[in-house]
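Written below as structure tokens is the structure these notes are about.
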Number of protein chains: 2
Amino acid sequence: MDYRFAGRVEQLQSSVVRDILKLTQGNEIISFAGGLPAEELFPTEAIRQAADRVFESGRSALQYGLTEGYLPLREQLSARMAAKGMQADPGEIILTTGSQQAIDLAARVLTEPGDVVLVENPTYLASLQIFSLAGLRPVPAQSDAEGIDLEDAERIIRQERPKLVYIVPTFGNPTGRVWSEQRRRGLLELCRKYGVLIIEDDPYGEIKFDEKAHFPTIASLEGKTQDSHVIYTSSFSKIAAPALRTGWAVADRRIISMMAKAKQASDLHSSSLDQQTLYQLLRGFDLDAHIRTISDAYGSRMREMQALLLKQAWSGVSWVEPQGGMFLWLELPDGLDAEALLRCSVKKGVAFVPGSPFYAAEPQRNRARLNFTHCGGERMAAGIERLSEALGEFMART
Amino acid sequence: MDYRFAGRVEQLQSSVVRDILKLTQGNEIISFAGGLPAEELFPTEAIRQAADRVFESGRSALQYGLTEGYLPLREQLSARMAAKGMQADPGEIILTTGSQQAIDLAARVLTEPGDVVLVENPTYLASLQIFSLAGLRPVPAQSDAEGIDLEDAERIIRQERPKLVYIVPTFGNPTGRVWSEQRRRGLLELCRKYGVLIIEDDPYGEIKFDEKAHFPTIASLEGKTQDSHVIYTSSFSKIAAPALRTGWAVADRRIISMMAKAKQASDLHSSSLDQQTLYQLLRGFDLDAHIRTISDAYGSRMREMQALLLKQAWSGVSWVEPQGGMFLWLELPDGLDAEALLRCSVKKGVAFVPGSPFYAAEPQRNRARLNFTHCGGERMAAGIERLSEALGEFMART
């Protein structure tokens with residue numbers, strides 16, 4: 001039979017990251033590609049005990065749940081948000097299948113095909129896929145080490161009238177970049193002035209290498225959730241475990257209620273076994289101490305990877321040292337095509353994500369994203385050796 | 001701030017079923033409204049042991065998984081499908097957050113706004129919401145106790161050129177109806193002739209009261225998955241537990257691959273803790289024996305409800321005895337508005353779902369859907385008593 005697919009889906013590029021993840025599953029490839037947390041740091045025993053408490057809590061634990069998500073977990077999240085300067089009651093929170101779904105639902109309820117979304121350049125590629133699936137037009141603003149360029153952002157807001165601004169201001173994916181407070185305040189001012197909503201995507205914000213560093217979320221600068229210009233999204237995937245697939249959005253209750261309507265049609269609700277397990281985990285386990293443990297471990301791994309890279313002394317390769325998150329963003333020599341380098345690297349047994357799919361426009365082909373959280377020690381050292389071989393061979397050839 | 005929502009979302013009616021579910025949570029209302037399985041029959045201990053085996057299987061159990069879903073569970077499903085006459089290899093199966101998401105993804109990848117979907121009248125209301133969110137136009141064909149009227153379906157296919165046909169041919173929601181084999185074959189022939197895809201939604205098909213009864217799925221009549229005219233969807237929610245939120249679709253691999261692309265953008269993947277738990281459950285637990293147990297119990301409850309209804313001897317109220325599934329579909333006296341009756345009933349402490357939201361057009365206002373699986377015994381008897389009071393009072397008033 002001749003199947004006819006929707007145009008916007010035919011055009012959708014499959015995520016390079018996930019396609020590589022698929023290729024490398026069960027393979028001997030050392031992968032710096034996926035945004036994978038370190039498995040040996042998962043609080044497996046605590047999660048197992050939490051799940052046990054769910055099963056003990058009675059048979060209704062396995063029944064259908066609310067579309068908005070398990071209320072006791074939303075109550076806990078409300079308290080966690082408050083501790084970070086964000087006031088949101090449980091009715092201003094929706095639980096989703098990862099923060100990915102929170103962004104998808106926000107896009108589905110707030111836009112019509114053809115609408116513009118203002119984004120950083122580069123930005124998180126799976127969000128670019130959401131926008132593409134929704135038929136939106138992402139328009140990138142210039143960005144530098146401090147964050148988005150406010151003048152360029154204002155020019156685009158005036159010219160293109162975007163429906164949404166999508167940003168990852170703290171330890172961005174792919175760049176690992178942290179916005180300055182001035183840029184955060186500046187963007188919020190702009191969005192207040194022109195009445196534009198911001199999706200502040202913050203899956204990595206708690207993974208900071210310097211415990212004392214403080215990067216206020218834009219949602220906390222807005223200072224209220226009612227009538228807020230910010231839809232804040234985050235996830236338990238990086239701070240607890242990805243398999244529990246639980247993210248959330250915080251926004252004005254009119255937005256949350258519309259997202260719940262769309263979610264009801266999309267999947268009725270996310271796994272309530274996962275949500276109840278997280279609720280039980282948060283009751284009996286010091287999640288903040290655990291976040292400190294993984295952040296310290298990831299900081300060490302980042303420094304380990306940096307030392308290995310410095311040892312290679314590749315000419316024309318540079319990066320900015322990340323202050324948190326999971327990624328190191330390499331700038332390779334001018335003219336080097338990271339996708340071609342990837343093909344060569346995979347033959348040597350190492351993978352990373354080439355930079356171009358992260359750009360909504362004007363892709364920089366000589367960028368590469370390396371994940372430093374998933375493997376360390378000898379495996380990381382061997383991976384960087386293989387990458388070095390590939391780079392050497394590749395540069396000799398071209 | 002003035003939030004502007006997408007038109008198709010503003011129009012979306014919140015599901016009456018779920019809104020009632022929300023109102024009745026923690027309340028003293030006896031609810032025949034939700035499509036809830038019986039909690040006391042959940043295989044809680046077996047699921048708990050299965051989850052334990054997942055935690056024992058190693059730390060990578062809590063890592064990110066594949067968008068298509070956990071491969072060993074897809075392999076088990078492939079074997080289960082084969083036992084029911086449907087040949088599908090794991091690459092022709094995608095795991096989703098309930099079958100609801102399978103239908104949503106199929107609609108997202110196969111239609112453009114404005115496209116027509118041919119449906120039964122009445123049909124599953126949460127699917128009508130999916131179509132509404134996708135901007136589709138559902139066109140209902142006449143249906144009777146045997147299934148869809150083939151002449152009317154052909155007329156609509158010729159006139160409206162639908163992109164999809166959506167049906168629940170076995171123990172439909174809300175009617176509980178079972179299509180005859182002749183109608184199943186007839187619709188498949190029509191769809192072959194005109195090149196139209198069928199979504200065969202089958203969440204209830206295994207819950208049949210007569211073990212020996214055989215209702216072949218349309219997918220099994222098609223006899224192959226490659227080049228098939230059928231997208232078959234089902235779920236573990238009714239046969240294992242809803243909290244595990246795992247459904248699936250079986251279709252030609254080109255369709256599965258497009259659905260995976262859309263799913264990647266929507267939520268990366270569904271809970272892999274749930275999927276792995278189901279895999280472990282299927283290894284160590286006789287799911288078919290469990291399905292027999294719940295089907296027998298539900299058959300008894302259906303007969304129990306039927307006896308209670310007969311005892312009331314309401315004049316002008318009729319129904320067709322269901323052969324499986326979870327619902328009894330009441331036809332109330334002419335002119336009686338079931339939504340008004342619901343408001344009166346909720347005051348008496350009993351809830352059901354009024355029929356009109358299940359109709360894509362020409363709603364029959366004097367229909368009501370009663371769930372007979374969630375509560376039995378004294379609670380069911382008290383619920384029917386309250387409903388009787390409401391009906392008596394309501395009819396005296398009007």
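Listing for the model above:
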read-out: Test set (1) in contact with a His (Cβ under 9 Å, 6 or more places away or on another chain); (2) more than 14 Å from every other protein chain (Cβ to nearest Cβ) - residue B:179 fails condition number; value: (1)
read-out: Residue match in the stretch B:314-322 (condition: buried (at least 21 other Cβ atoms within 10 Å of the Cβ) and within 25 Å of the chain's Cα centre (by Cα)); value: yes
read-out: Filtered residues of the stretch B:269-293 (kept if outside any helix (DSSP H, G or I) and of a type in the set (Phe, Trp, Tyr)); value: B:285
read-out: Any hit, the stretch A:204-218, residues being modelled with pLDDT of 95 or more, under 21 Å from residue A:76 (Cβ atoms) and within 12 Å of chain B (Cβ to nearest Cβ); value: no
read-out: Considering residues of the stretch A:195-222 that are part of a strand (DSSP E or B) and touching a His at 6+ places or on another chain (Cβ under 7 Å) only, the residue surrounded by the most Cβ atoms within 10 Å (Cβ to Cβ); value: A:198
read-out: Sole exception among (1) touching a strand residue (DSSP E or B) at 6+ places or on another chain (Cβ under 7 Å); (2) away from chain B (no Cβ under 12 Å) for residue A:111, by number; value: (2)
read-out: Residue in the stretch A:241-253 that is farther than 25 Å from residue A:324 by Cβ and in a helix (DSSP H, G or I) present; value: yes
read-out: Residues of the stretch A:87-110 classified as in a loop (DSSP other than H, G, I, E, B) and in contact with a Gly (Cβ under 8 Å, 6 or more places away or on another chain), total; value: 2
read-out: The lone exception for residue A:24 - which of (1) out of contact with any Phe, Trp or Tyr (no Cβ under 7 Å at 6 or more places or on another chain); (2) more than 10 Å from chain B (Cβ to nearest Cβ); (3) modelled with pLDDT of 95 or more it fails; value: (3)
read-out: Filter pass, residue A:369 being on the phi < 0 side of the Ramachandran plot and in contact with a Gly (Cβ under 9 Å, 6 or more places away or on another chain); value: yes
read-out: Options B:66, B:77, B:73: the member that is part of a loop (DSSP other than H, G, I, E, B) and either modelled with pLDDT of 95 or more or within 7 Å of chain A (Cβ to nearest Cβ) (or both); value: B:66
read-out: Residue A:239 being within 24 Å of residue A:44 (Cβ to Cβ), of a type outside the set (Phe, Trp, Tyr) and within 13 Å of chain B (Cβ to nearest Cβ); value: yes
read-out: Any hit, the stretch A:47-64, residues being buried (at least 24 other Cβ atoms within 10 Å of the Cβ) and of a type outside the set (A, V, I, L, M); value: no
read-out: Residue that is farthest from residue A:287 (Cα to Cα) [pool: residues in the stretch A:223-236 that are at the interface with chain B (Cβ under 10 Å from one of its Cβ atoms) and surrounded by fewer than 21 Cβ atoms within 10 Å (Cβ to Cβ)]; value: A:227
read-out: Among residues of the stretch A:35-46, those that are more than 16 Å from residue A:297 (Cα to Cα) and more than 7 Å from chain B (Cβ to nearest Cβ), counted; value: 2
read-out: Pick from the stretch A:294-316, criterion touching a residue at least 60 places away in the same chain (Cβ under 8 Å) and either of a type in the set (S, T, N, Q) or outside any helix (DSSP H, G or I) (or both), ranking: farthest from residue A:44 (Cα to Cα); value: A:314
read-out: Tally, over the stretch B:211-258, of residues that are under 30 Å from residue A:66 (Cα atoms) and under 20 Å from the mean Cα position of the chain (by Cα); value: 21
read-out: Every residue from the stretch B:130-153 that is in a helix (DSSP H, G or I) and surrounded by 24 or more Cβ atoms within 10 Å (Cβ to Cβ); value: B:130, B:131, B:153
read-out: Among (1) touching a residue at least 60 places away in the same chain (Cβ under 8 Å); (2) surrounded by 15 or more Cβ atoms within 10 Å (Cβ to Cβ); (3) more than 14 Å from chain A (Cβ to nearest Cβ) - the single one residue B:344 does not satisfy; value: (1)
read-out: Yes/no for residue B:351 being touching a Pro at 6+ places or on another chain (Cβ under 7 Å) and either under 27 Å from residue B:12 (Cβ atoms) or in the same structural domain as residue B:175 (by TED's automatic domain parsing) (or both); value: no
read-out: Test: residue in the stretch A:181-194 that is assigned to a strand (DSSP E or B) and buried (at least 20 other Cβ atoms within 10 Å of the Cβ); value: no
read-out: Criterion: under 22 Å from the mean Cα position of the chain (by Cα), in contact (Cβ under 8 Å) with a residue 40 or more places away in the chain and at the interface with chain B (Cβ under 8 Å from one of its Cβ atoms) - qualifying residue of A:269, A:290; value: A:269
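This table checks each residue for (1) in contact with a Pro (Cβ under 6 Å, 6 or more places away or on another chain); (2) at the interface with chain A (Cβ under 10 Å from one of its Cβ atoms); (3) not β-branched (Val, Ile, Thr).
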site	(1), (2), (3)
B:247	no, yes, yes
B:252	no, yes, yes
B:255	no, yes, no
B:258	no, yes, yes
B:299	no, no, yes
B:307	no, no, yes
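The values are calculated or read from the model by the stated rules, or taken from the named source; none is laboratory data. Note that the structure is predicted; figures quoted are calculated from it, not measured. We place every Cβ from the backbone using ideal geometry, glycine too, and count neighbours over all the protein chains shown.
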